[in-house]
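The block underneath contains the structure these notes are about, expressed in structure tokens.
The values are calculated or read from the model by the stated rules, or taken from the named source; none is laboratory data. Everything numeric in this text was worked out from a predicted model, so none of it was measured. No Cβ is skipped: glycine too gets one built from the backbone with ideal geometry, and neighbour counts run over all protein chains shown.
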């Protein structure tokens, strides 16, 4: 972890914290197999948009963290918006656990806010140099995004500014 902290401290690094909106509801409505497929779709979207040197991991139930070295706040927000838009407009194929035909669901038309994603953004060294500090600040920005309607990107506050 010390090596990672040193890399974060030496140049701007952006951390994105992604959380699927209303995931528990979607997981209940689509059963766990469908919920897993929603998470797999988000992972596919993240993989298609993130860059080779970005580090992505699943962080708990429906959260993902993306650590983007040598990336400033503006570029990080652009990438976060691309992920948010791509996930919100993509479709997911939900397999029938009983072996029937899979359903293809366009998330925005048929599930409302059930398959959107909110994203919190924090940048080092502006919002901290330790990974735990960045995660905490991104989490606060994510909470702001959820409180303000979900399906949006929140930026860690530095004097009250949020996206």
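Points worth noting:
- Looking only at residues of the range 109-163 that are assigned to a helix (DSSP H, G or I), modelled with pLDDT under 90 and surrounded by fewer than 18 Cβ atoms within 10 Å (Cβ to Cβ), we find that the one that is nearest to the chain's Cα centre (by Cα) is 113.
- Checked against the criterion of being closer than 22 Å to residue 123 by Cα and modelled with pLDDT of 95 or more, the range 19-34 contains one or more residues that satisfy it.
- Strands (runs of 3 or more DSSP E) contained entirely in the range 10-103, each with at least 2 residues that are farther than 18 Å from residue 137 by Cβ and in contact with a helix residue (DSSP H, G or I) (Cβ under 8 Å, 6 or more places away or on another chain): 55-58, 91-94
- Within the range 66-91, the set of residues being closer than 19 Å to residue 126 by Cβ and surrounded by 19 or more Cβ atoms within 10 Å (Cβ to Cβ) comprises 66, 67, 68, 71, 76, 77, 79, 80.
- Test: residue in the range 60-71 that is without any contact (Cβ under 8 Å) to a residue 24 or more places away in the chain and under 23 Å from residue 28 (Cα atoms): yes
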